[in-house]
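The values are calculated or read from the model by the stated rules, or taken from the named source; none is laboratory data. Just so it is clear, the model here is predicted, and its values are computed rather than measured. Counting neighbours? That spans all protein chains shown, and the Cβs are built from the backbone with ideal geometry, glycine included. The protein model used for the area step is the full one, side chains on, heavy atoms only, and it has no ligands, DNA or RNA in it. Shrake-Rupley method; radii C 1.70, N 1.55, O 1.52, S 1.80 Å.
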Amino acid sequence: MATKTVIVEFTTKAQVFPIGTVDTPYRIELLKDGFVLSFIETVGGGGASFPLVPEGPGYIARVTKNGVMVERAFDIPITESVLQVPDVITITF
């Protein structure tokens, strides 16, 4: 099975919080089957990339900041199979 680079991009909106609320970084996560495969925390918005993600179904991209979370489920279509084949023959006497 091949791998892909997953690029997660997001937009932001203003939201009012009580005075004294401490601003937190964006946490961008890649999940599969309920487990966090990888995450990035950043103070700048925009997005993140996750390289070498295996093709297949059941992924979720999640972005969280200041307790507000958005998620999007997605599948990575399987486009090819990687199989082992003969390569080199060595003969020894």
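Considering each residue of the range 71-87 in turn, none proves to be on the phi > 0 side of the Ramachandran plot and in a loop (DSSP other than H, G, I, E, B).
Sort through 71, 9, 29, 41 and tell me the only one that's open to solvent by less than 70 Å² (accessible area, probe 1.4 Å) and within 16 Å of the chain's Cα centre (by Cα).
Working: 71 fails: open to solvent by less than 70 Å² (accessible area, probe 1.4 Å); 9 fails: open to solvent by less than 70 Å² (accessible area, probe 1.4 Å); 41 fails: open to solvent by less than 70 Å² (accessible area, probe 1.4 Å).
Exactly one of 71, 9, 29, 41 is open to solvent by less than 70 Å² (accessible area, probe 1.4 Å) and within 16 Å of the chain's Cα centre (by Cα), namely 29.
Only one of the numbered conditions (1) free of Cβ contacts under 8 Å to residues at least 24 places away in the same chain; (2) in a strand (DSSP E or B); (3) over 24 Å from residue 81 (Cβ atoms); (4) not acidic (Asp, Glu) is not met by residue 28, and that is (1).
Taking first residues from the range 45-56 that are within 30 Å of residue 14 (Cα to Cα) and partners that are open to solvent by less than 60 Å² (accessible area, probe 1.4 Å) and of a type in the set (S, T, N, Q), the Cβ contacts under 6 Å between residues at least 6 apart in sequence or on separate chains come to 50/38.
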